[in-house]
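Reviewing the structure listed below.
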Amino acid sequence: EDKVVQSPLSLVVHEGDTVTLNCSYEVTNFRSLLWYKQEKKAPTFLFMLTSSGIEKKSGRLSSILDKKELFSILNITATQTGDSAVYLCAAPPSWGQNFVFGPGTRLSVLP
Amino acid sequence: GAGVSQTPSNKVTEKGKYVELRCDPISGHTALYWYRQSLGQGPEFLIYFQGTGAADDSGLPNDRFFAVRPEGSVSTLKIQRTERGDSAVYLCASSFNGRTGRGTGELFFGEGSRLTVL
């Protein structure tokens, strides 16, 4: 069964801290892994990763994929209160176009 | 509109009633997805449309759930004989899938419809 696991499920940090969020997956015929940020209702797209070892970066956020060990990490440096959200990781299973989502990591950044 | 639009944003109903949730995807997006999200969990796949047809409905939990997309644009998720366990946020997403049916990977989500079954 295809599945996506995230850790930690919850994380509380202070502004300025750096955080690393983890996502591991078991998906046959892997194609891509996506990261989303969900603040209230609608998840918003952050990154799509298809190649191992190539870091994607957007401002203070960066992400990398390891296809050998079947995991990805999302790093946020110099966290701000606006980074507080649930961060979701998703991957499509082998047979379809839909995406299997992990449970998410709830990040709380305190002032 | 520019984004994915879902209505109603909130729906409270009684156990046993019928509900319809509507999704208006981004213009030109051929793929449309329905997900269900319960508190503290990630989105759970329900059904995926490519054009007018349901390409994958394996996530629908039982035959009380049904979805249509008759003209390849707006979709309606229909839930019959609602149960308290159906209470959740129902998210719709759309994406552009090319001629081969393979997507770019990015899903654009609506704000969701929060369903509460009393």
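The values are calculated or read from the model by the stated rules, or taken from the named source; none is laboratory data. All of these numbers come straight from a predicted model, not from anything done at the bench. With ideal geometry, Cβ positions are generated from the backbone for all residues, glycine too; neighbour counts draw on all protein chains shown. The area values use the complete protein model at the heavy-atom level, side chains included, leaving out ligands, DNA and RNA. Shrake-Rupley method; radii C 1.70, N 1.55, O 1.52, S 1.80 Å.
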Selected from B:Val74, A:Asn98, B:Thr30, residue furthest toward positive end of dipole (the protein assembly as shown; charges at beta carbon):
B:Val74
Rounded accessible area of B:Glu111 (nearest 10 Å², 1.4 Å probe):
110 Å²
Over segment B:1-99, with the other protein chains present, what is the accessible area per residue in square angstrom, probe 1.4 angstrom?
49 Å²
Is there a simple number for the mean count of other chain Cβ atoms within 10 Å of the Cβ of residues in B:35-47, and what is it?
5
Set of lysines near B:Lys15 by C-alpha distance (under 21 Å), chain-local residues within fewer than 8 positions excluded:
B:Lys78
Going through segment A:1-92, which trypsin sites (Lys or Arg not before Pro) have at most 15 other Cβ atoms within 10 Å and a DSSP loop state?
A:Arg31, A:Lys40, A:Arg60, A:Lys67, A:Lys68
Rounded to the nearest 10 Å², the accessible area of B:Thr7 at probe 1.4 Å:
70 Å²
Between the alpha-carbon centers of segment B:9-39 and segment A:53-93, tell me the distance in whole angstrom.
28 Å
State, to one decimal in nm, how far the label point of B:Arg64 lies from the label point of B:Phe96, with both points 7 Å from Cα in the Cβ direction.
3.9 nm
Counting only other residues whose beta carbon sits under 9 Å from that of B:Gly110, what net charge do I get with K and R as +1, D and E as -1?
-1
Quick calc, B:Leu39 & A:Ser62: beta-carbon distance into FRET formula, R0 30 Å, rounding 0.05, result 0.55
Carbon and sulfur %, accessible surface of the protein assembly as shown computed with the full protein complex present, 1.4 Å
49 percent
Between chains A and B, what is the buried accessible area in Å², counting both sides, with a 1.4 Å probe and ligands, DNA and RNA left out, to the nearest 100?
1700 Å²
Set of lysines near A:Lys67 by C-alpha distance (under 20 Å), chain-local residues within fewer than 8 positions excluded
A:Lys3, A:Lys56, A:Lys57
